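All remarks here apply to the structure that follows.
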Amino acid sequence: MLASIMADVQKNFNRLQQELKDRSLSTTIVESGILTIIVLVTLLGNVLVCRAVYQSPRLRTITNYSVVVLALTDISMAVFVLPLVLVVSILNKTPFGHLFCQIEAYTATSLVYNSVLTITFMSVNRYFKIVRSDQLYRKIFTRRKTMLMLLVIIIVAWLGPMNAPLQGQKFQFHPGKMICLYSYKQQSQANFALLTFFFFTLPYCITIFCYCSIYIKVRSHNKRIANAAPSTTNNTTTTTINRKDINITKTLFAIFLVFTLCMMQLAVVDTTEFYNGEYKLPRQVYVLYTLMCGLASAVNPFIYGLFSPAFRSEYKRSLCLTTVSSNDEASTSSN
């Protein structure tokens, strides 16, 4: 029975490897071109995010510490992982040896874990800011404590994949995904369930709880404002602060939502492979899997720019668009 399963796994592995090798030139160009765009956009966009926070005092907030950590995680993905996938796509095979494969898989897995935990941390931060008392928020989320908590998240994320080498398991190149990852035939159900629960199920439950609590709180707040006397609604300080916090929360919720949409296929494909056998799905599904994971690292800067005027302004300044606009306005007024 076991020999039959292993033979089936090897057969599907060989099929995907052959399909990778036999791709047409047009398919190679399209897949490699999309990967190149994702890498460049991820690098440029997230560097702009880091530069915006560094340059603008109004963006150097407690909340944006986690934004910077997420941006650095995405930059790391674009520097250390995605270029290797691009090389495989261009060459139609993996040129990397066993050791390089282990490093690539460990790095990619750790960065995904780090992104998930950081996004969960963002939701917890917003929960304490919106739902709980401001005094409690200021007590927990000081600059020093926030940096310490983010450091712990990074350490936990990078220790996460350690269970594989400690159990004698080896990461393996996946010709469909064009990247080295966990080999599910080496994993026990208990180990897979533990990793899934700790790095996906639990963080997502916490995040959903936080944003649902925030939604209920904001809805209740809006009802009180609508039913309050005009003299009460003229309290501009409280209203402005609440509106600012709500806008920040909307931005971070959008990050969570888009990340979830991009990574949803990861959960579906990996679970299917674990329980139904590796390498059985069509190659196109695996390629989309890789592209969506890469896209998750590229979209965040666009979300910040869409929801935050402060980030949008810093983007323009970084791209020298502010200077150009000022010159245009000056020439227009002189005419």
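List, in order, the whole-Hz ³J(HN,Hα) value for each residue of the range 104-121 obtained from phi through the Karplus relation with A = 6.51, B = -1.76, C = 1.60 and θ = phi - 60°; use x for Gly and Pro.
Each residue of the range 104-121 in turn: 4, 5, 5, 5, 4, 5, 4, 5, 5, 4, 5, 5, 4, 5, 5, 5, 5, 4 Hz.
For ILE179, enumerate residues with amide H under 5 Å from its amide H, sequence gap 5+ or separate chain, H modeled in the peptide plane.
Here HIS174 satisfy the definition.
How big is the Cα convex hull of the range 34-95 in projection, averaged over all directions, in nm²?
Reported value for the Cα convex hull: 4.3 nm².
Provide the FRET efficiency to the nearest 0.05 for the ILE5-LEU25 pair, computing r from the beta carbons and using R0 = 41 Å.
Calculated transfer efficiency: 0.70.
Using the alpha-carbon atoms, what tilt in degrees (0 to 90, nearest 10) does helix 2-21 show relative to the longest principal axis of the chain?
That helix lies at roughly 70 degrees to the long axis.
Counting alpha carbon pairs within less than 8 Å and at least 6 residues apart, what relative contact order, in whole percent, applies to the range 54-178?
After rounding, I find 38 percent.
Relative contact order of the chain: what whole-number percent is it, with Cα pairs under 8 angstrom and at least 6 residues apart?
Over the chain, the number comes to 27 percent.
For the chain, what is the accessible area per residue in Å², given a 1.4 Å probe and the full set of protein chains?
Ligands and nucleic acids excluded, the result is 53 Å² per residue.
In the chain, what percent of the accessible surface is made up of carbon and sulfur (1.4 Å probe, ligands and nucleic acids excluded)?
Answer for the chain: carbon and sulfur cover 68 percent of the accessible area.
Mind checking the alpha-carbon convex hull of the chain and giving the volume per residue in Å³?
For the chain, the hull spanned by Cα atoms encloses 176 Å³ per residue.
Report the label-to-label distance for THR61 and LYS217 in nanometres (one decimal), using points 7 Å from each Cα along the Cα→Cβ vector.
Between THR61 and LYS217, the label points sit 1.4 nm apart.
Lone cysteines in the chain, going by a 4.7 Å Cβ-Cβ cut-off?
CYS50, CYS205, CYS210, CYS212, CYS262, CYS293, CYS320
In degrees, nearest 10, range 0 to 90: what is the angle between the Cα axis of helix 143-159 and the longest Cα principal axis of the chain?
Taking Cα atoms only, the helix is inclined about 10 degrees.
Whole-Hz Karplus ³J(HN,Hα) for the range 64-72, in order, using 6.51 cos²θ - 1.76 cosθ + 1.60 and θ = phi - 60°, x for Gly and Pro?
Couplings: 6, 4, 5, 4, 5, 4, 5, 5, 5 Hz.
Pairs of alpha-carbon atoms within less than 8 angstrom and 6+ residues apart define the contacts here; what relative contact order does the range 1-125 have, in percent?
Taking the mean separation of contacting Cα pairs over the length of the range 1-125, I get 31 percent.
With every protein chain in place, what's the accessible area of GLU314 (1.4 Å probe, Å², nearest 10)?
10 Å²
The values are calculated or read from the model by the stated rules, or taken from the named source; none is laboratory data. It should be emphasised that the depicted structure is a prediction, and the values quoted were computed from it without experimental measurement. Note that we place each Cβ from the backbone using ideal geometry, even for glycine, and neighbour counts take in every protein chain shown. What goes into the accessible areas is simple: the full protein's heavy atoms, side chains included, and nothing from ligands, DNA or RNA. Shrake-Rupley method; radii C 1.70, N 1.55, O 1.52, S 1.80 Å.
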